[in-house]
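The structure appears below as structure tokens.
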Amino acid sequence: MAGITGKDQVLTTYANKLETLDAPKGRSLTQDALSRLARNKAAVASIAVLVFIVLAAFIGPYFVPWGYSEVDWTSIRKPPDFEKGHYFGTDQNGRDMLARVLQGTQMSLIVAGVATLVSVVIGVIYGAVAGYLGGRVDSVMMRIVDIMYALPYILFVIILVVMFGRHPVLLFVGIGAIEWLTMARIVRGQTLTLKEREFIEAARAGGASPWTIIIRHIVPNLTGPVVIYATLTIPEIIIAESFLSYLGLGVQEPQTSLGTLISAGAPVAEVLPWMLMAPAIVLVTLLFCLTYIGDGLRDALDPKDR
Amino acid sequence: MLRYASRRVLSAIPIAFIAVSICFFILRLAPGGPFDGERALPPLVLANLRAHYNLDQPLINQYFIYIWRLLQGDLGPSMVIEGFEVSQLIAIGFPFTLTLALSAFVIATIIGILAGMVAAVNQNKWPDYVMVLAVMIGVIVPNFLMAALLQLWFGVYLDWFPAGGWVSGRWEYLVLPITVLAWPHAGRISRLMRGSMIEVLGTNYVRTARSKGLGERLVMARHAIKPALVPVVSYLGPGLSYLLTGSLAVEQIFGLPGIGKYFVTAALNRDYGIVLGTTLLYMFIILALNLLVDLLYAWLDPKVRYR
Amino acid sequence: MANTVLDVQDLSVTFQLRDSEVDAVREMNFQLTEGETLAVVGESGSGKSQAFLSIMGLLARNGRATGKALMGDVNLVGMDKRRLDEYRGRDIAMIFQDPMTSLNPTLRLRTQLAEVLVRHRGFDRKDAVRTSIEMLERVGIPEPAKRANSYPHELSGGMRQRVMIAMALLCQPKILIADEPTTALDVTVQAQMLDLFKSLTEDFGTALVLITHDLGVVAGVADRMMVMYGGRSVETGSVNDLFYDPRHPYTLGLLHSTPHIAHRAERLDPIRGLPPSLEHLPKGCSFNPRCAFCFDRCLEERPPLEPIGGDRKKACFYEGPLRYEEVA
């Protein structure tokens, strides 16, 4: 589900810039971009809100009065009730919505984190190997990427999920395994220019193996684009995950995710609006924040684009 | 231009072939099969079924059989819905999906381009701010959530449009689904259009055009819009394929009789024929769209043709 | 006395920045006579381009122009864009510095040329294309009929600038403004281009404004010149007078920092210091921090541009002889 933040475009521009810029003196392009980001009020506020959501999702469950799968038989299908500690109300099974939203957020964040990690690792290694080895290996590997681009993404995920069962870990891997294409392209481009630099020549002259050179010398030089790529990938994966969960292919009961909660809330939204609103607001806020951070990064990288 | 086109078409063929193969093997290497239902079938029946669908042969043979049939335009039978060919099911569901996605595509592209232009011309004035907000909402809110909210608001509270379902020939049943599909697409298009239009309006050649006294209308129509469309066009291909796949979800949510309905059930039942057939259909559409976009691109940017 | 085709009075250009205003051009006054070539000379940031962009109504969004630029009895400054479009391209045309980016990359040359004639002369497309091809031939483009079907990227920089010249002269305008037309070109092409300007403007009786920082260009082509500094014109007069007898210390400095023209000096001397930032112009004469002839009055008062005999004007209080040794 590429393209909510225009990731490909941003990263390509950025990568081109890195390529044309000879070893930046003093502050690197990435540092420069971060300091510009710090001056972007929307992005800074988004980071603050994001940090709050992450903390709430991971620490919050220890402080709320109810567990996410705990049933309160005295309040079933009840609107928010502050006396009993059901601040967001309860669902049809008498489970506390606040606890469920926190758990769902946590799950969505974990899925996004793991899937992003998977896609970054695959993308970086694949791209670096292709770029470093070059020649025929490179053209075959990049052809494969072209082919993967042609596959209908969400169908592919659905097939994977259905075929390999509904284990959340597989879900992460399945989503991550398809998100790496752009990363591989960018990394390959970077590697092509990096491998002409003197320090790589020196390492090669010193007898280092291609694998060592890739891991020790090339990958560390890719930090900037990787961090930005990851930031822009997370919201895409959150949407993909919640979409799958919405279709009933994702996270399973009693565990939950934002998508599962929304799919549970949507059909009853007319009578129990709090069941839809609470997860919807959290999801939208989360995506807004991540997108503003992404946009902030984009502007920081390309200040003329205003 | 013709040579460029034929070169592009030729280079798409091996990609399509390899992608078909990948899909086939991924699907087959996964555990489970179409007849592992809740009710265990008698061994003889199962063996007959398997033989009927060639599932008893080695995988590689099945692969060649599939490819051979595919070359003849035969997508094979459905393995779960008895007596139906995959192509029949696609013929039932796909026209609806295509109509839905294409209407959304056309509407959204036109709205997106116009909105992007208006915002660019009025940069940092109120039409621009309104558009940026609308784009943000469209791009960020996932389609299933947008669908739920629109159903609730316009379908239930205001009762302007039906919240779901389908009655043949009644356009009001399509208003909400098309809105859900079109909004994000229009958002991305207008965002691209706004950005590139602002860039183009600042170029030297637009200044030249203005210095010729052509009048702002002609400057826009002839000198600014065409180059500004370049990034937009490059998004149209991926955009339509997102719309087509996004339409799967929207069909589920609004209960519309498109191909999405069959696909999800088929995947759950491991109906290889339908899953593979649908995936291939989408893949070919995506490849064809990319091809079309490349050609359009070559028309917009003369430099591309000579690469 | 030849006719005045452009009479600029008190032209100022202001740019609104985020939290300040910058005056790029201040109270400029000059006349342009029919058929003459006026060179406008100055360092980058001296306002020379902005002054003429403002006359053409091409300032950036945050720019505002005041004053008058009278063409006959029509004032071009601050004119409604729709009315201005009647004059732009027909009576007053402009050529820009960078021929590589000044032509629309997505349109064939014949479209870009012919539209001017269709707009201003009411030609139908066919006649317009034919006339355009004739004009391409006139500016020295080989195989003009074939070239007219090309896209800009198929032409070299020099060829593109020829196309720009052809485009600007299609309607035989009274005034042609050329903003650094040779800067982006190879040195070998520059001379050809200047000859082309000279011959064409003579043929059409077009007055040429040549904006440049290159005094070598001025020497070959211009009749009169205007020297700009810090957004103001500081000295005007015939090219001969200014070259052989500069009266403003800045003009003197410019001459001595240009090769070939530095008659009196053995070596090449740059002007001391840096061009001023328009946001922080010094009090008094803008040039005072870099001027070897500066005295108390220059620090307090700004010298006005005043006639000093003949058709010369200067904006400087210093009345003594300008000798280069004193600068060095």
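Okay, here's what the table says:
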| quantity | calculated |
| --- | --- |
| Strands (runs of 3 or more DSSP E) fully within region C:1-117 counting 2 or more residues that are under 21 Å from B:Val206 (Cβ atoms) | C:4-16, C:63-71, C:92-95 |
| Residues within region C:302-320 that are open to solvent by 40 Å² or more (accessible area, probe 1.4 Å), in a loop (DSSP other than H, G, I, E, B) and closer than 16 Å to C:Ser233 by Cα, tallied | 5 |
| Residue that is nearest to A:Leu258 (Cα to Cα) [pool: residues in region B:138-162 that are more than 9 Å from every other protein chain (Cβ to nearest Cβ) and touching a residue at least 24 places away in the same chain (Cβ under 8 Å)] | B:Met146 |
| Subset of region A:163-196 that is aromatic (Phe, Trp, Tyr) and at pLDDT below 75 - its residue that is surrounded by the fewest Cβ atoms within 10 Å (Cβ to Cβ) | A:Phe164 |
| Flag for C:Thr183 being open to solvent by less than 20 Å² (accessible area, probe 1.4 Å), assigned by TED's automatic domain parsing to the domain that holds C:Thr33, in contact (Cβ under 8 Å) with a residue 40 or more places away in the chain and within 16 Å of the chain's Cα centre (by Cα) | no |
| Odd one out for C:Gln97, checked against (1) more than 8 Å from every other protein chain (Cβ to nearest Cβ); (2) free of Cβ contacts under 8 Å to residues at least 60 places away in the same chain; (3) in contact with a helix residue (DSSP H, G or I) (Cβ under 9 Å, 6 or more places away or on another chain) | (2) |
| Residues located in region B:181-224, provided they are open to solvent by 40 Å² or more (accessible area, probe 1.4 Å) and in contact (Cβ under 8 Å) with a residue 40 or more places away in the chain | B:Trp183, B:Arg191, B:Arg194 |
| Hey, A:Ile200 without any contact (Cβ under 8 Å) to a residue 40 or more places away in the chain and either crowded, with 16+ Cβ neighbours inside 10 Å or not in a helix (DSSP H, G or I) (or both) or not | yes |
| Breaking point among (1) at pLDDT below 75; (2) open to solvent by 50 Å² or more (accessible area, probe 1.4 Å); (3) aliphatic (A, V, I, L, M), for B:Leu10 | (1) |
| Scan of region C:135-150 for residues that are within 14 Å of chain B (Cβ to nearest Cβ) and surrounded by fewer than 20 Cβ atoms within 10 Å (Cβ to Cβ), ordered by number | C:Asn149, C:Ser150 |
| Residue check for A:Ser75: closer than 30 Å to A:Met275 by Cα and modelled with pLDDT under 70 | yes |
| Matching residues in region A:247-304 - criterion: being charged (D, E, K, R) and at pLDDT 80 or above | none |
| Region C:198-253, residues that are of a type in the set (D, E, K, R) and either part of a helix (DSSP H, G or I) or within 30 Å of C:Cys171 (Cβ to Cβ) (or both) | C:Lys198, C:Glu202, C:Asp203, C:Asp214, C:Asp223, C:Arg224, C:Asp241 |
| Selection count where residues are facing chain C (nearest Cβ under 9 Å) and either crowded, with 21+ Cβ neighbours inside 10 Å or under 15 Å from B:Val106 (Cβ atoms) (or both), scope region B:230-241 | 0 |
| Selected residue (only one of B:Val86, B:Val167 is more than 14 Å from chain A (Cβ to nearest Cβ) and open to solvent by 40 Å² or more (accessible area, probe 1.4 Å)) | B:Val167 |
| Leading residue by the ranking (nearest to C:Asp223 (Cα to Cα)) among those in region C:29-74 that are open to solvent by 40 Å² or more (accessible area, probe 1.4 Å) and among the polar types (S, T, N, Q) | C:Gln31 |
| Among the candidates C:Val129, C:Val116, residue that is hydrophobic (A, V, I, L, M, F, W, C) and farther than 28 Å from C:Leu76 by Cβ | C:Val129 |
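The values are calculated or read from the model by the stated rules, or taken from the named source; none is laboratory data. This one's a predicted model, so the numbers in the text were calculated from it and none came from an experiment. Cβ: placed from backbone, ideal geometry, glycine included. Neighbour counts: every protein chain shown. For the accessible areas, the whole protein counts, side chains as well, though only heavy atoms, and no ligand, DNA or RNA atoms are used. Shrake-Rupley method; radii C 1.70, N 1.55, O 1.52, S 1.80 Å.
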